[in-house]
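Before any comments, here is the structure.
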Amino acid sequence: MSDFLSYTIHGEPFMLFSVSHLATLVLSGLSVLALYVLRNTLRKPFAEMGGRYCLAGLLLLTEATFQLWHVYTGSWSAAYTLPLQLCSISLLFCIAMLVRKSYRIYEFTYFLGLGGALQAMLTPELFYPFPHFRFFHFFLAHAAIILACLYMTWVAEFRPTIRSYWKALAVLNLLLPIVLIANRMTGGNYMFVSQKPANPSLLDYLGPYPWYILSLEGVAALLFFLLYLPFYAQTKTERNPSQSGAAV
């Protein structure tokens, strides 16, 4: 138990695309597939509400245990543990979106949550290996963010629009100065806008500081567009049924 909750790493640190990392990605993918398969069943009134509240509770639990772990290990610091990373902010947005069943929150959370959590799952800023508490917390929290966004898409049948795309970019840029000020005040590196993460990540290919922040704007715009593309294609097909390839 002491090793499970220890602040100090015992043994080898987390390795990118190790067996435990790949197994976690597979399990997360299977949970996404299960959500899609069960989407019609979950649309029943009590099931739909129960699913939303269970996901919201799971997200809240991951954030609460993360804060408590830092308190328990004596490592809590305003520079590292405030919920100001993009995925931490998205997690809070997801909770509000699920509890309130809010389309307005969904519009930008779909892009921020999926875009940030997918990248984090593939190239995590994580040093704690399996089976440490932080390993389970990190992947569970990010998988829950992805599931929350897809739940509102597949079960609640919310859909992002091109206006949602621009709203997401606007919210992202509104967060940037807030986080920069927080970093200056706390000495932290929230949203990695003060320096690159220590682990290998997409930021390694975007140039030196501070120019990679400008590159991130382009990456975010492209990633958000890719997340919107299936809905753009669906809308175009619905408006032009003759292009859908159906036999006449």
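The values are calculated or read from the model by the stated rules, or taken from the named source; none is laboratory data. In this text the structure is predicted, and so the values were computed from the model without any measurement. Note that each Cβ is placed from the backbone with ideal geometry, even for glycine, and that neighbours are counted across all protein chains shown.
Counting only residues that are within 15 Å of the chain's Cα centre (by Cα), more than 15 Å from residue 22 (Cβ to Cβ) and outside any helix (DSSP H, G or I), segment 115-137 holds 1 of them. Quick one: would you say residue 182 is part of a helix (DSSP H, G or I), at pLDDT 95 or above and of a type in the set (A, V, I, L, M, F, W, C)? Yes; evaluated as a whole, the condition is true for this residue. Flag: residue 151 matches the condition of being surrounded by 16 or more Cβ atoms within 10 Å (Cβ to Cβ) and aromatic (Phe, Trp, Tyr).
Residue count for segment 119-151 under the criterion of being without any contact (Cβ under 8 Å) to a residue 60 or more places away in the chain and either in contact with an Asp or Glu (Cβ under 9 Å, 6 or more places away or on another chain) or farther than 24 Å from residue 69 by Cα (or both): the result is 2.
Residue check: residue 24 meets all listed conditions (1) among the β-branched types (Val, Ile, Thr); (2) closer than 16 Å to residue 144 by Cα; (3) exposed (fewer than 11 other Cβ atoms within 10 Å of the Cβ) but one, namely (3). Scanning segment 193-216 for residues that are in a helix (DSSP H, G or I) and in contact (Cβ under 8 Å) with a residue 40 or more places away in the chain turns up just one, 202. Considering the conditions (1) of a type in the set (Phe, Trp, Tyr); (2) surrounded by fewer than 22 Cβ atoms within 10 Å (Cβ to Cβ); (3) at pLDDT 95 or above; (4) farther than 20 Å from residue 227 by Cβ, residue 127 is excluded by exactly one of them, (3). Residue-level analysis places residue 232 outside the set of residues that are out of contact with any strand residue (DSSP E or B) (no Cβ under 8 Å at 6 or more places or on another chain), at pLDDT 95 or above, over 30 Å from residue 15 (Cβ atoms) and assigned to a helix (DSSP H, G or I).
Of the residues making up segment 39-82, just one is touching a Ser or Thr at 6+ places or on another chain (Cβ under 8 Å), among the hydrophobic types (A, V, I, L, M, F, W, C), assigned to a helix (DSSP H, G or I) and loosely packed, with under 15 Cβ neighbours inside 10 Å, namely 47.
Taking every residue in segment 1-12 that is of a type in the set (A, V, I, L, M) and pairing it with any residue that is assigned to a loop (DSSP other than H, G, I, E, B) and surrounded by 10 or more Cβ atoms within 10 Å (Cβ to Cβ), at least 6 positions away or on another chain, the pairs with Cβ-Cβ distances below 8 Å are 5/73; 9/127; 9/128; 9/129; 9/132. Of all residues in segment 154-166, those satisfying the criterion of being in a helix (DSSP H, G or I) and crowded, with 21+ Cβ neighbours inside 10 Å are 164, 165.
Only one of the numbered conditions (1) over 21 Å from the mean Cα position of the chain (by Cα); (2) closer than 19 Å to residue 149 by Cα; (3) modelled with pLDDT of 95 or more is not met by residue 45, and that is (3). The lone criterion from (1) over 18 Å from residue 82 (Cα atoms); (2) at pLDDT below 95 left unmet by residue 147 is number (2).
Close contacts from segment 31-53, counting a first residue that is among the polar types (S, T, N, Q) and a second that is exposed (fewer than 13 other Cβ atoms within 10 Å of the Cβ), with Cβ to Cβ under 8 Å and a gap of 6+ residues or different chains, come to none at all. Within segment 113-124, is there a residue that is surrounded by fewer than 19 Cβ atoms within 10 Å (Cβ to Cβ), among the aliphatic types (A, V, I, L, M) and modelled with pLDDT under 95? So far as segment 113-124 goes, yes, one or more of its residues are surrounded by fewer than 19 Cβ atoms within 10 Å (Cβ to Cβ), among the aliphatic types (A, V, I, L, M) and modelled with pLDDT under 95.
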